[in-house]
Amino acid sequence: MQNIFINSGKETEVLFDADFVLTDDNLFRIYGPMLPKGTVVMKSGEDNKNLRTVDFIVSQMLAKGVKRSGKVVAFGGGVVGDTLGFAASVYMRGVKWSFVPTSLLAMADSSIGGKTGVNVGFVKNAVGSFSMPDTYIETKYLRTLPSREYQSGMGEIVKTSLLNQDMYDFMQGEFDETEAIKRCVKIKSEIVNKDFMDSGARKALNMGHTVGHAIEMLTGLSHGQSVLIGLRLEMLMMRDYIEHDFFYEAQQYLSSYIKHRVSLRAEDVMRIASSDKKNGDGISVMYASRIGEVKEAVITQDEFLRLFKGAL
Ligand SMILES: NC(=O)c1ccc[n+]([C@@H]2O[C@H](COP(=O)([O-])OP(=O)(O)OC[C@H]3O[C@@H](n4cnc5c(N)ncnc54)[C@H](O)[C@@H]3O)[C@@H](O)[C@H]2O)c1
């Protein structure tokens, strides 16, 4: 079970008690004066979620004399969390870490479940590990989050709402950010507790991600917005297997959160989808056939191309 604290006010103590704190340069510009002296700063952005940054982090940990029993903390969004989490999980064969998520996406999704990893070339999260942090969510940090990033976080929240009828109904009312985060944390934790190593139930959380990751790589759109477009396109690809009324309702619901238009070549998306580590012989497309019911279709590259072209 993961230790998760929401608006507990404990994060300052955790940060100042740490042997090593990592943040990114954007956050450092805003929160530098509030962070412990010696906080290590990585460059922000998905492009820096890579092995070079892991090398940098590990070198800094060594230079600071962090021991295997040391306390290591990530202060940032999903990129800082995924990268520091991976570095911590391999540093001296694994050191415990904590996560103070600062983006909506990290609060509602990436700080839960202990997946860490970095990208290699075009392959997202090509190396990674399972390493559970203690998570300290403080929603006050959202007040400085740029709106583009807020919209990104909404993408994973909307995805989660397709997994649970109560959450879906809640999303039809006036949006309450703290309540939405609490609900996402609960839904994701329940799934992760059933399937920590991602071999069954947890796959549902990958809905929209096969196409979404390709969109993120090809267009540079934010993760959450790419996932939203991915969810919509994957449902269009699988529309023959989705309850008719739900299909139209979900398309409208997803569209209301999509803020960008993208132009995509099916061949490019297929190439990236084929290299996704989740995909073995075929390409995995996860889709909701109704609220709370996620199905997987494993299809060939030719089928993917045909269905994707039909969805565009
Ligand atoms: N491990 C998981 O289970 C999991 C799940 C979903 C997504 N992810 C990963 O998470 C990453 C995306 O995370 P993200 O959307 O948080 O991206 P991010 O970490 O790049 O943060 C987005 C931007 O917002 C800035 N930012 C963050 N918090 C801020 C704040 N409070 N005030 C001002 N600026 C702030 C960051 O500096 C960055 O520029 C992707 O790499 C994705 O693969 C991981």
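I'm a student and want to see the number: the projected area of the Cα convex hull of segment 91-236, averaged over all directions, in nm². Result: a mean projected hull area of 9.5 nm².
For the chain, taking Cα atoms only, Rg and Dmax work out to 19.0, 59 Å respectively. Between amide H atoms placed 1.01 Å from N, distances below 5 Å from ASP276 occur with no residue 5 or more places distant or on a separate chain. Measuring against 28 Å, Cα to Cα, the residue pairs LYS10/LYS203; LYS67/LYS203; LYS43/LYS64; LYS37/LYS159 contain LYS10/LYS203; LYS67/LYS203; LYS37/LYS159 as the ones spanning a longer distance.
Solvent-accessible area of segment 153-311 (1.4 angstrom probe, protein heavy atoms only): carbon and sulfur portion equals 45 percent. Full extension of the chain segment joining PHE130 with GLU296 gains 57.5 nm, where the gain is 0.36 nm per residue of separation less the Cα-Cα distance. Seen from SER44, the other residues with C-beta closer than 15 Å to its C-beta sum to a net charge of -1, counting Lys and Arg as +1 and Asp and Glu as -1.
Taken about its Cα centre, segment 4-144 carries a charge dipole of roughly 260 debye when the Cβ of each Lys and Arg holds +1 and the Cβ of each Asp and Glu holds -1. Model label points for ASN193 and LYS37, set 7 angstrom from Cα along the Cα-to-Cβ axis, are 4.3 nm apart. If you sort VAL294, VAL227 by accessible surface, 1.4 Å probe, largest first, the order is VAL294, VAL227. For chymotrypsin sites (Phe, Trp or Tyr not before Pro), the sites in segment 144-202 that DSSP calls loop and that have at most 13 other Cβ atoms within 10 Å are PHE175.
Among beta bridges from DSSP that stay inside the chain, the antiparallel ones total about 40%.
Considering only SER8, SER222, VAL72, the residue lying farthest towards the positive end of the dipole of the chain is VAL72, judged by Cα position with unit charges set on Cβ. Note that segment 153-311 presents 45 Å² accessible area per residue, ligands and nucleic acids not counted, probe 1.4 Å. Within the assembled protein chains, the solvent-accessible surface assigned to PHE16 is about 120 Å², based on a 1.4 Å probe.
Stretching the chain fully between THR178 and ASP281 yields a gain of 33.0 nm (0.36 nm per residue, less the alpha carbon separation). Packing here is the average count of other Cβ atoms within 10 Å per residue, and on that basis the peptides 73-86, 263-276, 111-124, highest first, run 73-86, 111-124, 263-276. Our summary gives the chain a relative contact order of 15 percent, counting only alpha carbon pairs under 8 angstrom and 6 or more residues apart.
Under 19 Å of direct C-alpha separation, and excluding same-chain neighbours fewer than eight residues apart, LYS71 reaches these aspartates and glutamates: GLU11, GLU13, ASP17, ASP19, ASP24, ASP55, ASP82, ASP134.
Using the rule -39500 (n - 2.57) for each DSSP H run of four or more residues, divided by the residues of the chain, the 222 nm mean residue ellipticity is -13500 deg cm²/dmol.
Using a Förster distance of 45 angstrom, determine the FRET efficiency expected from the C-beta separation of LEU62 and ARG271, and round it to 0.05. About 0.75, to the nearest 0.05. Out of the GluC sites (Glu not before Pro) in segment 140-220, which ones are loop residues according to DSSP with at most 16 other C-beta atoms within 10 Å? The qualifying sites are GLU174. Across segment 153-311, the relative contact order, built from alpha-carbon pairs under 8 Å that are at least six residues apart, equals 27 percent.
Placing +1 on the Cβ of every Lys and Arg and -1 on the Cβ of every Asp and Glu, with nothing else charged, gives the chain a dipole about its Cα centre of roughly 880 debye.
Computed with a 1.4 Å probe over protein heavy atoms only, the accessible area of ARG232 comes to about 80 Å². The separation of segment 36-70 from segment 127-186, counted between C-alpha centres, amounts to 26 Å. Full extension of the segment from ASP47 to ARG261, taken as 0.36 nm per residue of separation minus the current Cα-Cα distance, would add 74.8 nm. Taking Cα centre as origin and charging only the Cβ of basic (Lys, Arg, +1) and acidic (Asp, Glu, -1) residues, the dipole magnitude of segment 143-256 rounds to 360 debye. Estimated at the nearest 10 Å², the accessible area of HIS260 is 70 Å² with a 1.4 Å probe.
3J(HN,Hα) along segment 82-87: 4, 6, 5, x, 5, 4 Hz, from the Karplus curve 6.51 cos²θ - 1.76 cosθ + 1.60 with θ = phi - 60°, whole Hz, x for Gly and Pro. Here's how it looks for VAL127: its modeled amide H is under 5 Å from those of VAL118, VAL120, which are all 5 or more places away or on a different chain.
The values are calculated or read from the model by the stated rules, or taken from the named source; none is laboratory data. Since we're looking at a predicted model, the values are computed, not measured. Ideal geometry is used to build each Cβ from the backbone, glycine not excepted, and the neighbour counts take in all protein chains shown. Only protein heavy atoms, including side chains, enter the accessible area calculation; ligands, DNA and RNA are left aside. Shrake-Rupley method; radii C 1.70, N 1.55, O 1.52, S 1.80 Å.
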